[in-house]
Ligand code: KG4
Ligand code: ZN
């Protein structure tokens with residue numbers, strides 16, 4: 001099954017084309033193309049993502065990326081083709097420039113040998129999501145291919161179950177129930193997946209998401225956006241230098257008997273601590289990064305361990321941008337091996353941690369297999385779409 005996927009929920013414009021082959025207990029995904037344009041450099045100037053800027057960039061980049069993806073996958077076959085654009089005019093009424101580029105592109109290639117078109121339709125920034133959704137709807141209508149709408153967090157979760165090597169992703173059927181810790185810029189949640197597409201939200205953050213806390217603390221430390229990798233780098237330097245924190249930050253809700261999180265108090269403690277410092281030296285920056293990362297990791301682990309105990313999950317998966325964090329990965333791997341040796345631990349390879357379209361294509365494969373298709377005439381972007 002050949003799947004084209006579009007991801008524009010936040011600040012990456014990404015397209016992926018995968019060829020999925022399912023055998024008994026595992027699915028092999030051949031990566032035929034996965035071009036991506038990141039807006040990070042642009043958003044860095046503002047210290048965060050501005051939805052209107054994100055949308056403008058998606059509008060500028062999406063057609064060139066589609067063309068590139070098809071060409072890389074050897075699916076672009078130059079040939080003048082006429083389409084009935086009256087079916088899609090409405091989808092692009094507010095994006096005349098994009099529509100011109102889109103029409104020129106789609107009129108210049110033979111209908112590609114694809115089985116499914118898929119797109120992230122939430123959660124995310126509404127203008128950014130709508131852009132990808134409308135392009136996907138138009139492709140589905142004009143190429144007459146079935147459409148699948150994917151929840152971005154489902155993409156993170158399912159991609160985390162796969163193992164990526166060079167140009168293939170291999171996903172073995174997990175032992176259910178699967179416990180997922182989803183940690184990104186907008187989400188922090190523990191989700192129980194008792195079977196394919198059956199989710200239960202066990203707990204989530206009451207305030208800031210983990211990635212958001214990383215980004216905000218990084219800003220206080222005068223580090224560039226996005227802050228997660230920067231804090232991680234400083235904390236790592238501190239650890240290799242043998243530094244032990246001489247102060248401690250709170251571990252919010254760590255002892256509460258539930259699966260919820262809170263990170264805004266931790267962020268505020270960092271802020272008060274920094275206010276009292278005479279100056280923000282490099283040494284203090286490292287120490288704050290180290291202690292902050294330790295606090296976050298301890299809370300994430302304690303809550304996850306409690307959920308593993310109470311659910312008897314057979315698999316633990318971590319997904320979302322923060323799962324790129326080296327310390328979190330190491331602590332989880334070590335603790336699982338020691339305390340839950342019977343649990344299979346899965347964590348996405350570097351390329352699959354932060355936002356990408358491969359994860360959307362992976363999720364689309366499993367949805368398409370169960371005929372969970374969307375109507376291209378009505379699929380909408382849902383900024384608050386939730387898994388359960
Ligand atoms: O999943 P993602 O790419 O986008 C969202 O869906 O939100 O996650 C982005 C978040 C940002 O907050 C970023 O700072 C964080 O992931 N992040 C990290 C690391 N790499 C990215 N946080 C901690 N350590 C990292 N190495
Ligand atoms: Zn994400």
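Observations on the structure shown:
- Search result, residues across the range 318-346 that are away from ligand 1 (no atom under 12 Å from the Cβ) and either within 13 Å of the chain's Cα centre (by Cα) or assigned to a strand (DSSP E or B) (or both): 344, 345, 346
- In summary, helices (runs of 4 or more DSSP H) completely within the range 91-184 and bearing 3 or more residues that are crowded, with 19+ Cβ neighbours inside 10 Å, touching a residue at least 12 places away in the same chain (Cβ under 8 Å) and within 16 Å of ligand 2 (Cβ to nearest atom) occur at 126-143, 152-160.
- Qualifying residue in the range 349-361 (condition: closer than 17 Å to residue 120 by Cβ, away from ligand 2 (no atom under 14 Å from the Cβ) and either under 17 Å from the mean Cα position of the chain (by Cα) or not in a helix (DSSP H, G or I) (or both)): yes
- Residue count for the range 241-281 satisfying the condition of being under 22 Å from residue 187 (Cβ atoms) and outside any loop (DSSP other than H, G, I, E, B): 7.
- Residues in the range 1-50 that are within 16 Å of ligand 1 (Cβ to nearest atom), surrounded by fewer than 17 Cβ atoms within 10 Å (Cβ to Cβ) and modelled with pLDDT of 95 or more: 38 alone.
A quick yes/no check of all residues on (1) more than 12 Å from ligand 1 (Cβ to nearest atom); (2) more than 15 Å from residue 318 (Cα to Cα); (3) in contact with a helix residue (DSSP H, G or I) (Cβ under 9 Å, 6 or more places away or on another chain):
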residue: 131; (1), (2), (3): yes, yes, yes
residue: 151; (1), (2), (3): no, yes, yes
residue: 158; (1), (2), (3): yes, no, yes
residue: 162; (1), (2), (3): yes, no, yes
residue: 166; (1), (2), (3): yes, yes, no
residue: 169; (1), (2), (3): yes, yes, yes
residue: 174; (1), (2), (3): yes, no, no
residue: 178; (1), (2), (3): yes, no, yes
residue: 182; (1), (2), (3): no, no, yes
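- Note on the range 336-359: among residues that are buried (at least 17 other Cβ atoms within 10 Å of the Cβ) and farther than 20 Å from residue 172 by Cβ, the one that is modelled with the lowest pLDDT is 354.
- Residue within the range 295-317 that is buried (at least 16 other Cβ atoms within 10 Å of the Cβ), without any contact (Cβ under 8 Å) to a residue 60 or more places away in the chain, assigned to a helix (DSSP H, G or I) and in contact with a strand residue (DSSP E or B) (Cβ under 6 Å, 6 or more places away or on another chain) present: no
- Of the criteria (1) within 16 Å of ligand 2 (Cβ to nearest atom); (2) in a helix (DSSP H, G or I), which one residue 367 fails: (1)
The values are calculated or read from the model by the stated rules, or taken from the named source; none is laboratory data. Since the model is a prediction, treat every value here as computed from it, not as a measurement. Neighbour counts are summed over all protein chains in view; Cβ atoms, including those assigned to glycine, are modelled from backbone coordinates with ideal geometry.
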